[in-house]
1. How do the peptides 38-46, 66-74 rank, highest first, by the average count of neighbouring beta carbon atoms within 10 Å per residue?
2. What FRET efficiency would be calculated for the residue pair ALA64, THR3, taking the C-beta separation as r and a Förster radius of 22 Å, to the nearest 0.05?
3. So what is the relative contact order for segment 7-87, in percent, with contacts set as C-alpha pairs under 8 Å and at least six apart?
Amino acid sequence: MTTPWHQLSHSQLLEATAGLMPFAGLREYWDLSAEEIYWLIMLRALPAVLVDGEWRFEQRAIDAWAEDNGGLPAVRAFVRDALDEWRRAREELDGRGAHPALRGGLGPAE
């Protein structure tokens, strides 16, 4: 019987995840920026495990995930479109001077 991950000691967890690809390895493997990878993780799309404060990836799982999502070119296009949309929204908010939730007279201090 396999021990659930949350019952492993720290050293057992490190040993169990030693074969996983580190964050920097995925950046090189997929040729994506750190920001793009964080967006994929944040959107809960990319299979990842946080170990000792560092994201790690199982190569087989991320390759299968990329194939299920149209292949790596489609993944790159998706994340870059999402980032562009976020940046446009942020610029629009910055141009107005306040977040929409604060526009009821609670805008920036004058």
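What follows draws every value from the coordinates through simple rules; no lab data is involved. Fair warning: this is a prediction, and the values are worked out from it, not measured in the lab. For neighbour counting, all protein chains shown are included, and Cβ atoms are generated from backbone atoms with ideal geometry for every residue, glycine included.
1. On the way: 38-46: 15.4, 66-74: 12.3.
Highest mean packing first, the order is 38-46, 66-74.
2. Details: r = 25 Å, r/R0 = 1.13.
Efficiency at R0 = 22 Å is approximately 0.30.
3. Working: 54 pairs, mean separation 24.4, N = 81.
Reported as a whole number, the value is 30 percent.
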